[in-house]
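Q: Supplied in C-alpha cells, the structure appears directly below.
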Amino acid sequence: MADIRSGKVDRIVVYKIDRLTRSLGDFAKIVEVLDETGGSFVSVTQSFNTATSMGRLTLNMLLSFAQFEREVTAERIRDKIAASKKKGLWMGGNVPLGYEPDGRTLKIKEPDAQVIRTIYDLYKEHGSVRAVKDQADRLGLKTAIRTLSSGRLKGGTPFSFGHIYYILTNPVYAGRIRYKASVYPGQHPPLIEPDLWDALQDQLKNRSVANRLGKERGMGRGGRKQVSLLIGKLFDETGDRLMPSHTKSSKGHRLRYYVSNRLIRSKGPKDISGWRLPGPELEALIANLLRKYLSTPSVTANIVSDPTAEETAAIVRLLVKITGAEADEQNEKSSLLLQLPQNIQIAPGRIRIIISEKGLAEMLGVDCERVSEEHLEIDPAFQHRKRGVETKLVLADTASPRDETLFNNIAKAHHYFDLIRAGKTYAEIAASEGVSKQRVY
C-alpha cells in the first residue's frame, strides 16, 4: 500500500478477486487508494468491467460471497476447536509449565512439574498469593525458558503475582481443559488432584470476596479495619458535616480523611474554606481527649449522681480500665471511646465534644437519668496547621512536635538562595545538587 501511494505500483494482478481481500470494507479502502494514485487491479480468471454499474454490482457480489465464505470457515474452525476441547483434547497454544505436547494431548514434564506442585503446596500452607510469591522468590523458583520463533530466549525470571495466580486457577493442572467459560475433563494426566484443586479454588474465591468486601467496608490488608469511626458525628463551624473520604498515596497506601461536605459535593459550588483532616490522627486526638477527660478525678467522682461507695469504686475501676494505656489493647479501647461522642464541632481554635448520655450510661452500667449533664461536654483549645490541602490539629497544652522535613527544606532553600546570589542558574544548581529544576524553584 505504501508503494501504491508513492506511485511505484500501477497495477495489481490477482488470480481471483478473493485473493486480494475477503472484506468489503478493506476492498473499498484499497480501491480508494488506487483511484487516488491512478492505479488499478486485474483478476486473471474473472472478467468484469468496474467502469459500469453491472460490473460494480458483480464485483460487490463476488466480494460478499468471499467474505461470507471467510466468516463461515472461521465459524467452522471455532466449532471444531470447541468440539475437540469438549473431548478433552489439547488444541495448541502456549503449553502450560509442567507439561509438554504429546500429539493431541499433554504429558507431564519433570522437573517443571515439581515447580507447579511446590507453588500449590505453598498456597495450601500460607493461603496468600503474596506469601507464595515471597516464598517462591526465596526458593529461587523461575519461569520456564522458551525459544521464540525469532530465536530469542524468553523466561527464566521470578514468578510475578499474576503468573502465580494464573497457575493456581488453571484447570489444566487438575486434568481438565477450559474453553471460554466452560471446563471439560481432559485426556491428559493431572498434576494436582482434582479434589485438592477444587478446594483451593474455593479458598481463592473466599479470600477474594473477603478482600473485596474489606475494601468496600474500609478494611486494610490482612483484614485490619479502617472504618471511619466518627462518621455522622463531625461538624464544622458552619454546621457543614465532615464526610469520610480517602485517597491513595504514591505507594498505593489508603489514606483516610474527614472532609467538609462543601469540598467534595458533586453539585453546587465548592467552598475551599472547608476542613480536610487526616482520619487516623483526628480519631487518635478525640480518643486521647476523652481518655484524659474521663480519667480526671473530679469527673470520675461526679459523673454519676448520688453514687454509693461501691458504685464509685466500680466506676473508677471501669474508667481506669477503659482509659488505660496498655499498648496491646489501645486500638480496641480507642474504638470504644470513639463510640461515646454524640456530636463533635470543630471551629478555628476550638473543638467541642458532646458525649452521648445514653452511650455513657450503657458503658457505666447505670440509668441515663443518673448521668450528670454537667460532665457531658469537653471544650479544649487547639492550634491547627496547614500543610498543602491537609490540616493538622495540635492541642493547645501539647507541645508541637518538631517538623524535621520543614526544617530541612528551609535549610536547603537558604543554601539554594546563596548559590543564586553567587551567580548560578537554576539548571546549574539542580545539576550540582542532584535535584530537579522544579525542586530548586
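Q: For the chain, which whole percent of the accessible surface, found with a 1.4 angstrom probe, sits on carbon and sulfur atoms?
A: Numbers: 14330 of 27410 Å².
Taking all protein chains in place, the chain shows 52 percent carbon and sulfur surface.
Q: Which links in 124/248; 292/321; 87/142; 87/154; 412/437 stretch past 22 Å when you go from one Cα to the other? List each step's numbers first, then the result.
A: Values: 124/248 31 Å; 292/321 13 Å; 87/142 33 Å; 87/154 32 Å; 412/437 14 Å.
Result: 124/248; 87/142; 87/154 exceed 22 Å.
Q: When the convex hull of the Cα atoms of segment 16-170 is projected onto a plane and the area is averaged over all directions, what value comes out in nm²?
A: Working: hull surface 60.5 nm².
For segment 16-170, the mean projected area of the Cα convex hull comes to 15.1 nm².
Q: Tell me the mean residue ellipticity at 222 nm calculated for the chain from its helices only (DSSP H runs of n ≥ 4, each -39500 (n - 2.57), averaged over every residue, nearest 500).
A: Details: 16 runs with 197 residues, N = 441.
Per the formula, -14000 deg cm²/dmol.
Q: May I pose another question? Show me, for segment 362-372, the HN-Hα J-couplings you get by feeding each phi into the Karplus relation (A = 6.51, B = -1.76, C = 1.60, θ = phi - 60°), rounded to Hz, glycine and proline as x.
A: 5, 5, 8, x, 10, 6, 4, 5, 8, 7, 6
Q: Let me ask something additional. What are the residues whose amide H is under 5 Å from the amide H of residue 246, where those residues sit 5 or more places off or on another chain and H is modelled from the backbone?
A: Distant-sequence amide H within range of residue 246: 257.
Q: Then there is this: For segment 336-349, just list the computed ³J(HN,Hα) in residue order, Karplus coefficients 6.51, -1.76 and 1.60, θ = phi - 60°, integers in Hz, with x standing in for Gly and Pro.
A: 5, 5, 6, 7, 6, x, 9, 8, 10, 10, 10, 9, x, x
Q: Something else: Have a look at 422, 319, 349 and report the one farthest towards the positive end of the charge dipole of the chain, computed about the Cα centre with Cβ charges (Lys/Arg +1, Asp/Glu -1).
A: With unit charges placed on the Cβ atoms, the residue in question is 422.
Q: Continuing with this model, one more query. Provide the packing ranking of 275-282, 92-99, 77-84, i.e. peptides ordered by the mean count of other C-beta atoms within 10 Å per residue, highest first. Walk me through the numbers before you get to the answer.
A: Numbers: 275-282: 20.1, 92-99: 15.8, 77-84: 12.2.
Highest to lowest by the protection proxy: 275-282, 92-99, 77-84.
Q: I would also like to ask the following. Listed highest first by mean packing, meaning other Cβ atoms within 10 Å per residue, what order do 430-436, 56-62 come in?
A: Details: 430-436: 12.0, 56-62: 14.4.
Sorting 430-436, 56-62 by mean packing, highest first, produces 56-62, 430-436.
Q: Also, quick follow-up: Have a look at the DSSP beta bridges in the chain and tell me what percent are antiparallel, nearest 5.
A: Working: 39 of 46 bridges.
Among the beta bridges of the chain, antiparallel pairing accounts for roughly 85 percent.
Q: Debye calculation, C-alpha points only, no solvent: report log10 I(q)/I(0) for the chain at q = 0.14 Å⁻¹, in the same order as the q values.
A: So the normalised log intensities are -1.20.
Q: Right, another one. Tabulate in residue order the Karplus-calculated ³J(HN,Hα) for segment 171-184, using 6.51 cos²θ - 1.76 cosθ + 1.60 with θ = phi - 60°, rounded to whole Hz; enter x for Gly and Pro.
A: 3J(HN,Hα) across segment 171-184, in whole Hz: x, 4, 6, 9, x, 10, 10, 9, 9, 6, 8, 9, 10, 10.
Q: At what distance in nm do the modelled label points of residue 78 and residue 245 sit from each other, each positioned 7 Å from its Cα along Cα→Cβ?
A: If labels sit at residue 78 and residue 245, their model points lie 4.6 nm apart.
Q: Separate question: Counting only heavy atoms of protein chains, what accessible area per residue, in Å², does the chain have with a probe of 1.4 Å?
A: Details: 27410 Å² over 441 residues.
Accessible area per residue, the chain: 62 Å².
Q: Once amide H atoms are built 1.01 Å from N in the peptide plane, which residues 5 or more positions from residue 141, or in another chain, come under 5 Å H to H?
A: Under 5 Å from the amide H of residue 141 lies no amide H from a residue far enough along the sequence or on another chain.
Q: Please tell me the relative contact order of the chain in percent, rounded to the nearest whole number, where contacts are Cα pairs under 8 Å and at least six residues apart. Write down the numbers at each step before the final one.
A: On the way: 526 pairs, mean separation 32.0, N = 441.
Reported as a whole number, the value is 7 percent.
Q: Would you work out the charge dipole size for the chain about its Cα centre, treating the Cβ of every Lys and Arg as +1 and the Cβ of every Asp and Glu as -1, and quote it to the nearest 20 debye? Don't skip to the end; give the middle numbers.
A: Details: 68 positive and 52 negative charges, 449 e Å.
The calculated dipole for the chain is roughly 2160 debye.
Q: Okay, moving on. Spin-label point model (7 Å from Cα, Cβ direction): what's the residue 118 to residue 56 distance in nm?
A: That separation, rounded to one decimal, is 6.8 nm.
Q: Note the angle between two axes, namely the Cα long axis of helix 53-86 and the longest principal axis of the Cα atoms of the chain, as a number of degrees from 0 to 90, rounded to the nearest 10.
A: Helix 53-86 and the main axis of the chain meet at about 60 degrees.
Q: Please list, in chain and number order, the residues 5+ apart from residue 347 or on another chain whose amide H is under 5 Å from its amide H, with Hs placed from the backbone.
A: Amide H neighbours of residue 347, under 5 Å, 5+ apart: 352.
The values are calculated or read from the model by the stated rules, or taken from the named source; none is laboratory data. Since the model is a prediction, treat every value here as computed from it, not as a measurement. We place every Cβ from the backbone using ideal geometry, glycine too, and count neighbours over all the protein chains shown. Accessible surface areas use protein heavy atoms only, side chains included; no ligands, DNA or RNA. Shrake-Rupley method; radii C 1.70, N 1.55, O 1.52, S 1.80 Å.
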